[in-house]
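S.K.: Dropping the structure in here first, questions after.
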Amino acid sequence: VTPAKQMYYCFGCGAGGNVFNFVMEYENYTFGEALKHLADRAGVQLPKIEYSGEAKKKAERRAALLEINKLAAGYFYYQLRRESGRQAHEYLTGRGLSEETIRKFGLGYSDKYSDDLYKYLKSKNYSDELLRDSGLFNVDERRGMYDKFWNRVMFPIQDINHRVIGFGGRIMSAENNGPKYLNSPETEIFDKSRNLYGMNYARSARTGNIILCEGYMDVISMHQAGFTQAVASLGTAFTPGQAALIKKYTKDVLLAYDSDGAGVKAALRAIKILHSAGMSGRIINMTPYKDPDEFIKNLGKEAFQERIDHAENSFMFEIRMLER
């Protein structure tokens with residue numbers, strides 16, 4: 001690094017440039033993101049875009065929806081630490097998650113009463129129309145507006161800029177009512193087909209690859225084990241939009257899908273999408289375990305790294321599945 005010339009150069013690999021190039025390379029940022037990051041750090045106020053009346057209204061609405069989701073994430077995080085959230089906290093620690101990991105992913109708990117979050121956000125003076133459009137509430141004629149998520153462990157879903165755009169909620173035992181996982185519906189700020197869980201951290205993992213998993217817990221346990229390049233699709237099958245997002249950061253994708261029949265079918269579908277997007281897909285062999293979470297808990301991260309190093313070529317995987 002040469003401060004006088006305001007530049008850097010690596011004699012090993014030939015990488016070089018100014019502070020903007022460095023931040024773009026190191027953080028996997030676009031130029032605009034690097035500019036904002038450096039301006040914030042230096043205390044420089046960047047000029048604001050002048051919007052037309054309608055565009056300004058739309059931008060303000062998006063900002064309000066993002067603020068509602070941020071407040072909800074903070075509320076769920078707080079509930080996890082109350083006495084009423086003890087079962088949820090024990091569920092997470094029982095799954096092997098450390099306090100640091102719970103904090104990093106902002107995991108929380110939605111209380112067993114179905115109007116707690118609604119009352120909290122109404123106290124912040126948000127309109128029913130805006131709350132309805134946030135995806136956090138259901139509405140019916142008999143009950144009016146009530147919380148969509150209750151008595152569930154909560155997983156905030158963030159975009160690549162760490163903004164909360166939606167949630168996933170998981171029941172803690174078979175006695176709980178409803179589906180095992182419940183996800184936010186699509187909203188003005190949450191497009192499931194163009195976002196990936198964990199991508200806000202994976203984008204700057206600098207491993208040269210992305211590991212695609214099936215579920216939130218797989219991503220979290222892999223990050224805790226040091227595999228910070230892990231991401232998962234959001235309650236839907238892998239999409240071309242998600243492939244395009246990954247391609248911004250790498251062309252090497254490893255699939256760590258469940259080893260059961262459904263997981264194999266999902267992997268075969270994902271391989272076709274990756275190939276269409278011009279990326280290579282390799283498959284991590286998880287046997288004798290079902291998923292990365294189970295594998296790492298039983299055999300450890302060194303064994304998983306070995307499976308990554310020996311991941312199977314997607315063409316050979318397809319041949320093997322056809323043969324089977």
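The values are calculated or read from the model by the stated rules, or taken from the named source; none is laboratory data. Source: prediction; values computed, not measured. As a convention, Cβ positions derive from the backbone with ideal geometry for all residues, glycine included, and neighbour counts pool all protein chains shown. To get the accessible areas, we keep the full protein, side chains included, count just its heavy atoms, and leave off ligands, DNA and RNA. Shrake-Rupley method; radii C 1.70, N 1.55, O 1.52, S 1.80 Å.
S.K.: (1) basic (Lys, Arg); (2) open to solvent by 50 Å² or more (accessible area, probe 1.4 Å); (3) closer than 20 Å to Asp258 by Cβ: which one isn't true of Arg194, the others all being true?
M.R.: (3) is the only condition that Arg194 fails.
S.K.: Looking only at the range 273-280, decide whether some residue is modelled with pLDDT under 90, over 24 Å from Gly169 (Cβ atoms) and part of a strand (DSSP E or B).
M.R.: yes
S.K.: On the basis of being in a helix (DSSP H, G or I), small (Gly, Ala, Ser) and out of contact with any Leu (no Cβ under 8 Å at 6 or more places or on another chain), does Ala64 make the cut?
M.R.: no
S.K.: Do we find that Phe155 is farther than 22 Å from Phe227 by Cα and assigned to a strand (DSSP E or B) in this structure?
M.R.: Answer is no for this residue.
S.K.: Let me ask something else. Go through the range 125-161 and give me each residue that's aliphatic (A, V, I, L, M), crowded, with 19+ Cβ neighbours inside 10 Å and over 18 Å from Lys180 (Cβ atoms).
M.R.: Passing the criteria: Leu131, Leu136, Ile160.
S.K.: Also, quick follow-up: Against the condition open to solvent by 60 Å² or more (accessible area, probe 1.4 Å) and touching a residue at least 60 places away in the same chain (Cβ under 8 Å), how does Arg62 come out, does it pass?
M.R.: The answer is yes for Arg62.
S.K.: Looking only at the range 17-35, count every residue that is modelled with pLDDT of 90 or more and exposed (fewer than 15 other Cβ atoms within 10 Å of the Cβ) and tell me the total.
M.R.: Residues meeting the conditions: 4.
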